[in-house]
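The values are calculated or read from the model by the stated rules, or taken from the named source; none is laboratory data. Just so you know, these numbers come straight off a predicted model, no measurement behind them. Cβ atoms come from the backbone with ideal geometry, glycine included; neighbour counts cover every protein chain shown.
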Amino acid sequence: MLKRALIVGLLISLVPSLSFAQGDNRAAGEKACGKDASRLCRKVINDGDNAVLQCLQDNHKKLSTACRKFLEDNGQL
């Protein structure tokens, strides 16, 4: 449960803070990158959102198409 909360926190930090879009972007980010974060960033998952984001960026060539697109669309790649 803690791991999932950290992933959700990461994904919230990746999206713009527009209140009307936050819920949609949060769900989209979790759907797009949740599995990638769990698969690629297991060692840093408890080190905070920035560590997970850095891990995803470091592993950008291994990301799923959906996660890569989400991060690119939100200015993170």
Evaluate the following for Ser64: is it among the polar types (S, T, N, Q) and modelled with pLDDT under 80?
no
Extreme residue, surrounded by the fewest Cβ atoms within 10 Å (Cβ to Cβ), among residues of segment 39-77 that are assigned to a helix (DSSP H, G or I) and of a type in the set (Gly, Ala, Ser)
Ala66
From the residues in segment 23-38 that are surrounded by fewer than 17 Cβ atoms within 10 Å (Cβ to Cβ) and of a type outside the set (D, E, K, R), which one is farthest from His60 (Cα to Cα)?
Gly23
Among the residues of segment 42-72, what is the count of those that are within 12 Å of the chain's Cα centre (by Cα) and under 15 Å from Lys31 (Cβ atoms)?
9
